[in-house]
Amino acid sequence: MTSLASRPNHSLTVVSSVIVNYRVAIVGAGPAGYFAAQALLNQSETQVEVDLFERLPTPWGLVRSGVAPDHPKIKSVAKVFEKISDDPRFRLIANVELGRDVTLDELQAHYDAVVLSIGADLGRTLGIPGESLRGSLSSADFVPWYNGHPDYVDLDVPLDVERAIVIGAGNVAMDVARVLAVDIEELAKTDIADHALEALRASKIKEAIICARRGPEHAAFTVGELRDLLDLDATDPIIDADAITAALARTAAWPEVPKDVRQNLEAFKTISERPSQGRAKRIEIRFFLAPREIIGSDRVEAIVLGINAFVDGEIKDTGESITIPCGLVVSAVGYTTKALDGLEFVKGSIKNVEGRVLQANGDAIAGLYCVGWAKRGPSGVIGTNKHDASDVVEKLLTDISSHEAKGSDDDFDVILTERGIVVVNLGQWRKINEAELSAGESAGRPRGKIVTTDGMLRAAGNRG
Ligand code: NAP
């Protein structure tokens, strides 16, 4: 059984003649959780210790299981997370799930503050007929599948078809389309999970069509992701030039075109003007198409999309539709946070004001906070979480400094160990990390991901 490394006490508050720090539990070791820890540990007015809880044996959240494998630069933020972890006042308590291994009440009783950084990992559904057919997937399942999240290793991803439809016009839709329709050798250089690489190597997909329900001027892609389409070696990006000309004409009438929209339209235009290079694979982006029905008897065979139009400043359903034959539909239309017993949720996020978690009657729950996607919904890039978490931590510190530290004698390492829970601490996570890095090195890849919890615990030295 694991015992967590003990930590020195740097203290300010005196409770029963024992000098103690304030203790803060952060639940969820994704970017928002780490940035909350950083904000807590980087200030010197209030002495704190941070326990970062994580459900999986591996931390880093979306940096590990969300960011596309062919975007290694985005993943380099993990170095910042590891630096934060080096602080002696920081502990990682991984492989411990809130609600299963420990309750929120217990955390609240033990810690001076609890910060929920639990993300938003349920995919929004389209709510259309045929959505449950084989071959209809949510990005919330498909993305962690190719990134080696242990819960998704066995996902059924039929790739024996030539055309995939991706619903949504955001960066996740773009990641999904690239993974489906880039040359396999592009992916073979990355840390994509082995099972996904093998499945994609055998894939017959030649074309991924991204369907946006509104126009180019409303697309949620960021410009870098669009420009990257021009750098793909074996994939033709296709956009209808007339659609972009029409969008440019519409936006010309706007009093001001926001910079991101202007840049996106320029990138769309460049792509639309480039002649097809006759490459083996294609990523097409089409606009004003809203999913209406997925058709198939026992698996996806086609999708019916309603044709929208821009009329009097509004997007309207023209009543017309097109049917596109396809064997795979991936919806990438946003995420919601999994409900937690006893907490109120509003539109898929924890009910809160500026990160203070609220009860149904609107009063703040003392000592309970949220950050990241669980707080503000699934928006923003990884860096967005830094100032967002720091704002919440400022409020947390103001709140806790008004009372003495609890100074509970209980230690979660003892409590969890007594429950038979196999905790993965920082040193053990680093053994998993080393094992993955060295597996990657021998294969000429950045990392060879371990994709089962058992395998991770073995690498951590927690299982024989
Ligand atoms: P997103 O940016 O909010 O895009 C969701 C898309 O789904 C929108 O185009 C939306 O269209 C569409 N949509 C929603 N409901 C729909 C429906 N019922 N039918 C058809 N389309 C529908 O969300 P995301 O792509 O999941 O990304 C989440 C966040 O992560 C974003 O902030 C994104 O930038 C970030 N991210 C960043 C990167 C990166 O930096 N490389 C990579 C991945 C994700 P409407 O606009 O019409 O609602």
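Laid out as a table, the results:
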{"item": "Selection from segment 59-105 of residues that are within 17 Å of the chain's Cα centre (by Cα) and under 16 Å from Ile26 (Cβ atoms)", "result": "Pro59, Trp60, Gly61, Leu62, Val63, Phe81"}
{"item": "Test: residue in segment 427-448 that is of a type in the set (Ser, Thr, Tyr) and over 22 Å from Glu49 (Cα atoms)", "result": "yes"}
{"item": "Pair list, Cβ < 7 Å and 6+ apart or interchain, from segment 367-391 residues that are among the acidic types (Asp, Glu) to residues that are within 14 Å of the ligand (Cβ to nearest atom) and open to solvent by 20 Å² or more (accessible area, probe 1.4 Å)", "result": "Asp388/Arg376"}
{"item": "Residue ID - farthest from Thr453 (Cα to Cα), chosen from residues in segment 131-156 that are part of a loop (DSSP other than H, G, I, E, B) and within 12 Å of the ligand (Cβ to nearest atom)", "result": "Glu131"}
{"item": "Matching residues in segment 145-163 - criterion: being under 12 Å from Ser203 (Cβ atoms) and either among the hydrophobic types (A, V, I, L, M, F, W, C) or outside the structural domain of Arg201 (by TED's automatic domain parsing) (or both)", "result": "Val157, Leu159, Val161"}
{"item": "Qualifying residues in segment 440-464 (those that are assigned to a loop (DSSP other than H, G, I, E, B), out of contact with any strand residue (DSSP E or B) (no Cβ under 8 Å at 6 or more places or on another chain) and not small (Gly, Ala, Ser)) - the one modelled with the lowest pLDDT", "result": "Arg463"}
{"item": "Selected residue (criterion: most open to solvent (accessible area, probe 1.4 Å)) from residues of segment 304-335 that are touching a Leu at 6+ places or on another chain (Cβ under 8 Å) and within 12 Å of the ligand (Cβ to nearest atom)", "result": "Val333"}
{"item": "Selection status of Ile209, crowded, with 24+ Cβ neighbours inside 10 Å and either farther than 23 Å from Arg447 by Cβ or free of Cβ contacts under 8 Å to residues at least 12 places away in the same chain (or both)", "result": "no"}
{"item": "Any hit, segment 235-242, residues being open to solvent by 60 Å² or more (accessible area, probe 1.4 Å) and away from the ligand (no atom under 15 Å from the Cβ)", "result": "yes"}
{"item": "Test for Val179: is it open to solvent by less than 20 Å² (accessible area, probe 1.4 Å) and at negative phi", "result": "yes"}
{"item": "Residue among Leu40, Leu12, Leu4 that alone is open to solvent by less than 20 Å² (accessible area, probe 1.4 Å), of a type in the set (A, V, I, L, M, F, W, C), farther than 25 Å from Pro144 by Cα and modelled with pLDDT under 95", "result": "Leu4"}
{"item": "Residue within segment 252-267 that is touching a Leu at 6+ places or on another chain (Cβ under 8 Å), within 13 Å of Ile285 (Cα to Cα) and open to solvent by 40 Å² or more (accessible area, probe 1.4 Å) present", "result": "no"}
{"item": "Counted residues, segment 435-446 - those being open to solvent by 30 Å² or more (accessible area, probe 1.4 Å) and in contact (Cβ under 8 Å) with a residue 12 or more places away in the chain", "result": "4"}
{"item": "One residue from Ile93, Ile128 being under 19 Å from Asp454 (Cα atoms) and in contact with a strand residue (DSSP E or B) (Cβ under 7 Å, 6 or more places away or on another chain)", "result": "Ile93"}
{"item": "Which listed residue is in contact with a Cys (Cβ under 8 Å, 6 or more places away or on another chain), at pLDDT 95 or above and not charged (D, E, K, R), from Ile239, Ile210, Ile165", "result": "Ile165"}
{"item": "Test set (1) under 30 Å from Glu441 (Cα atoms); (2) more than 12 Å from the ligand (Cβ to nearest atom) - Val172 fails condition number", "result": "(2)"}
{"item": "Identity of the residue in segment 58-95, among the acidic types (Asp, Glu) and either more than 16 Å from the ligand (Cβ to nearest atom) or part of a helix (DSSP H, G or I) (or both), that ends up farthest from Lys431 (Cα to Cα)", "result": "Asp87"}
{"item": "Residue check for Ser203: polar (S, T, N, Q), surrounded by fewer than 18 Cβ atoms within 10 Å (Cβ to Cβ) and farther than 26 Å from Asn264 by Cα", "result": "no"}
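The values are calculated or read from the model by the stated rules, or taken from the named source; none is laboratory data. Model, not experiment: these values are computed from the prediction. In this analysis, Cβ positions are derived from the backbone assuming ideal geometry, glycine residues included, and neighbour counts consider all displayed protein chains. These area figures cover heavy atoms from the full protein model, side chains too; ligands, DNA and RNA do not enter into them. Shrake-Rupley method; radii C 1.70, N 1.55, O 1.52, S 1.80 Å.
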